[in-house]
Each structure stands twice: as C-alpha cells, then as structure tokens.
1. How big is the accessible area of residue B:118 in square angstrom, nearest 10, if you roll a 1.4 angstrom probe over the protein chains?
2. Just add up the charged neighbours of residue A:78: K/R +1, D/E -1, any other residue whose Cβ is under 11 Å from the Cβ of residue A:78.
3. Compute the accessible area of each residue in region B:124-152 twice, once for its chain alone and once with every protein chain present, using a 1.4 Å probe on heavy atoms, and list those whose area falls by at least 40 Å².
4. Would you please state the base-10 log of I(q)/I(0) at q = 0.08, 0.12, 0.13 1/Å for the protein assembly as shown, with intensities from the Debye formula using one equal scatterer on every alpha carbon?
5. In square nanometres, what is one fourth of the surface area of the convex hull spanned by the alpha carbons of region B:7-94?
6. Tell me which GluC sites (Glu not before Pro) from region B:153-198 have a DSSP coil assignment and no more than 12 other beta carbons within 10 Å of their own.
7. Would you mind estimating how fast region A:71-186 diffuses translationally, via Stokes-Einstein at 25 °C and 0.890 mPa s with the Kirkwood radius over Cα pairs, in µm²/s?
8. So which aspartates and glutamates can residue A:135 reach, going by Cα to Cα under 18 Å and dropping same-chain residues fewer than 8 places off?
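The values are calculated or read from the model by the stated rules, or taken from the named source; none is laboratory data. These figures come from a predicted structure and were not determined experimentally. Please note: Cβ atoms are built from the backbone with ideal geometry, for glycine as well, and neighbour counts cover all protein chains shown. Protein only, heavy atoms only, side chains kept; ligands, DNA and RNA dropped before computing areas. Shrake-Rupley method; radii C 1.70, N 1.55, O 1.52, S 1.80 Å.
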Amino acid sequence: MISYDLYNFLKEELKNGSSDLVTRPSGQLIRERIEKDILKEDDGGVIALDFSKIGIIDYSCADEIVAKLMSRLLSNEYGEKYIILTGLNENQQENIEVALERKDLAVIAEKSGGKKFLLGSLNNYLRETLSLIVKSGKITARELADMVKIEANTSGTRLLNLHKKRLVMRRDEIREGARVWIYENL
Amino acid sequence: MPNIITQLSDESFEAFLAHANASDVIDLRQVAFIDPYGMVGILEAGRMFSQKDTMKTLKLPVSDNVLKYLERMDFFKYAARFFQIDAGDDLLDRYSKSSYSDVLLEITPIEKSDDIHFIVGKVKERAHMILAKHLNYDEGAINGFIVALSEVCQNIIEHSGNTGFVGIQKYRFQKLEKNVVKIAVMDLGIGFRKSLGERFDIKDDIEAVDKALFHAVSRHEDEGRGHGLASVRRFVNKWNGKISIRSGSAKLAVVPEWSWGKKRETNLTYFPGAQINIMLPEI
C-alpha cells in the first residue's frame, strides 16, 4: 500500500500554513496533485489517502477531493488502481460520507487499528457481499454462491460490481485447470 | 427627515438602508446596539456607495460601549475606506482593544480562497473559548459550525463574482437568558437570482433564495454542487438556530420557535449581492 500524506500535499500545494481542507479551489489543487501522483503508480496499487494530520474537511473539499477522485477512478481515468482513506476522525468521516452519498459513491476507509469499513452509498446486496469478503479476506463467485445460497452468475455479478466500484481487488488464478477470479480485500 | 437609528441588526437593516440612501450623512449617534449584521451592513453599504463614487459621512455612535465594540470587531479598519468618519482624532487611541473579548471573528474580508483558510484557522483557535464555553458545543457541533461557516463564506468566492465581509460575535440574549452566537456574511455580488438565472428560469429574488436554501440548487450541473447553503440550513436547524438570507429585494428566513421575524419578505429596497445572518443559541 502506498500512503499519500494529505497534510504534506496541503503544505506543498497551498503554502498558506493551513491544516484544513476547506474550499473548492483548495480541494481542486489537492485532487490534481493526487491525480498527478496516482498516474505514476503501478496498476493494481492501493493508494491510501492519509487524513491523520488534517483538521477540518468541509463538504466542498470532500466533494472536490474524495467524491471526484472516486468518480474518476471508477471511469478508469487512473488505470487499475484502488483508493482507501486512512486516519479519519469522526467529523471528517461524516463530511466525506455526505459528499459520497450525494453522488452514490463509496470508498473503503481504515480505522487506526487497521479495521476496514465502508463510507458512502452501497446497496444492501453489495454491502453484504463486501462484509463477507472483509471477513474472509478473499472469495470466488462459487464460494460466495455456496455461502449465501444464490446462483453462481448472481454471485459473480455482485463481485464484479464491487470490483467496478473499486471496493475489492480482483486477480485471476488457475484452479483445477480453469481460470477463476479471486476477489480480495483492499 | 430620515428616521433616527437606535439599533443596527438584521431587524433594522431596512430602516438603515432607507436612511443611508436618503442622506449624505449617515447618523449613527443614537445607536445603542449593533450586531455583526449591522456592522457588516454599514461597511457593505459604504462600499456600494463608494463604487458609485460617493463617499458618505458616518457620524459615529456616542455610546462608549458601542464604540468599544466596533473597535474590538475591527470595524474602523475598514470603515475609513468607504466613509468619512465624523469623530475625534483620538478615537482609536481611546478605544484600544481590550485583552478579553467575546469576538469569535473580527470583521474579515472575503476575497479569495486563502481568506477562508484564515477564517477557519482563526475560528478554530477561539472555538473552544466561545462555542464550547458559552454555547456548550461539543467537538462534533464545533466541527459542524466551522464547516457551515466555510460553506457560507465560499458562496461569495464561488458565486458572487465580487468580494464580501464576515463577522462573528457572542452575545448574552437577555430575553432568553441564553448566550447566542451571531454570524453575518455579506457581499456585493450578482445575487442569487442572477447566479441561478444562468441555468434556471427564475422569476424573482425570493424564488432564487428559496431554491438555494431549501432545494440545494446550483448554477453548476455537477451533482456535488449547490449543497453548501442547504447544508448550512441543516446545521442551523439541528442546533435550533435562525438563518435569514436577503438578496436583491427579498429576504427568506428559517425562524425557530424561540425567535421571531418574518419568514418571507419581498419588495424590500434593492441591495446588491447577498446578506446572510445566522444566530445560534446555547444548548
């Protein structure tokens, strides 16, 4: 996992001494910096946006940074990368969640103890599937189908949708001579 | 003969405007009470007149308390740009700042994004002293307050096409026997009607303010835009506060049960830009 310290980005890009992510123009500057760096990372990489030294994040900045990044990530503008949020306090979580929900987006966040959770908007089926992956670490469509007693193509669709939303990673593996997709926790 | 002005707040702003428009000398000598809305309103009126190459004279209040308060709020720092001040030469010496102040934010210009970083930083420094101590706000509420302040100030930079001022002060509200914090934010920009009119067919000022405040409407198509003022309204509702927005010739307010005032006013004297007043009570 590659960590981007947003406080350092703020210091380097804004140069006004602020530790707060406020205003849309500031958010745009920080997002553009993140985008520039993300494009240099290898495909398959997980980028952690570290908020631990950030004070306030307002709704405009949450939209400009997190919601727009996720939206563009989902449109494959940065290649096969993944983004998670770390070091969030409760207030930051709340404001980012509002920005994500407005655009029907979601992102994985990590608590200080390493526990991952979902921020934003996701339907119940996908939420349930995601929590099974979080518990087991990785899963195939067949395993999910057996676990929740659904058709294999339905479970495959759910897993694929989670991957399209960049909430789980996907890699292929040869099992018993056939290629299977393995979906893994970020 | 213009009316005598005895107080300056959102409630008396219309009388002040009528007085200011009618005379070259704005007589505030009898003013015994003034809040951030009143102060920022005077400055914005002065700025509006100066944009028309008119510099009016400001006769200052005779009340020592009001003058001290104006000084604490940095009123004179900006007033001299837009008015001829009718007062003794030693005014600023007489009213040097007191070390204790219940000012949460002195009158501060909003001209660029960096100003909002400054405002947020300043309010964060003083938030515990004032919001926690006098309004009993916890961390979550303080965060909500600062985010709401940031959003309401950003409207000026994002939508007005002009600049503005903000000021915040804590008061003891005698009628309620409660502390309240008052935020005033104003600009001389294009106003809600013209801003939203770029995208929607808006018939008047009241409809424009209603759309921005209650329906999260923005001149930008992006779904993430236009939620600033609506989120401010939700914050104010959550903490049982009052918010009013005046723009052009209309004013719309959300009035809690402990407060008073009209919810909708139209056909007011035209004043450019937007004038926002927020009042938050102790919880």
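1. Surface open to solvent at residue B:118 totals about 110 Å².
2. Surrounding charge for residue A:78 is -1.
3. Correct list: B:124, B:143, B:147, B:151.
4. With one equal scatterer per Cα and no solvent, log10 I(q)/I(0) is -0.55, -1.02, -1.15.
5. So the mean shadow area of the Cα hull is 5.0 nm².
6. Within region B:153-198, the qualifying GluC sites (Glu not before Pro) (loop, at most 12 other Cβ atoms within 10 Å) are B:177, B:198.
7. 164
8. Partners within reach: A:110, A:143, A:146, A:184.
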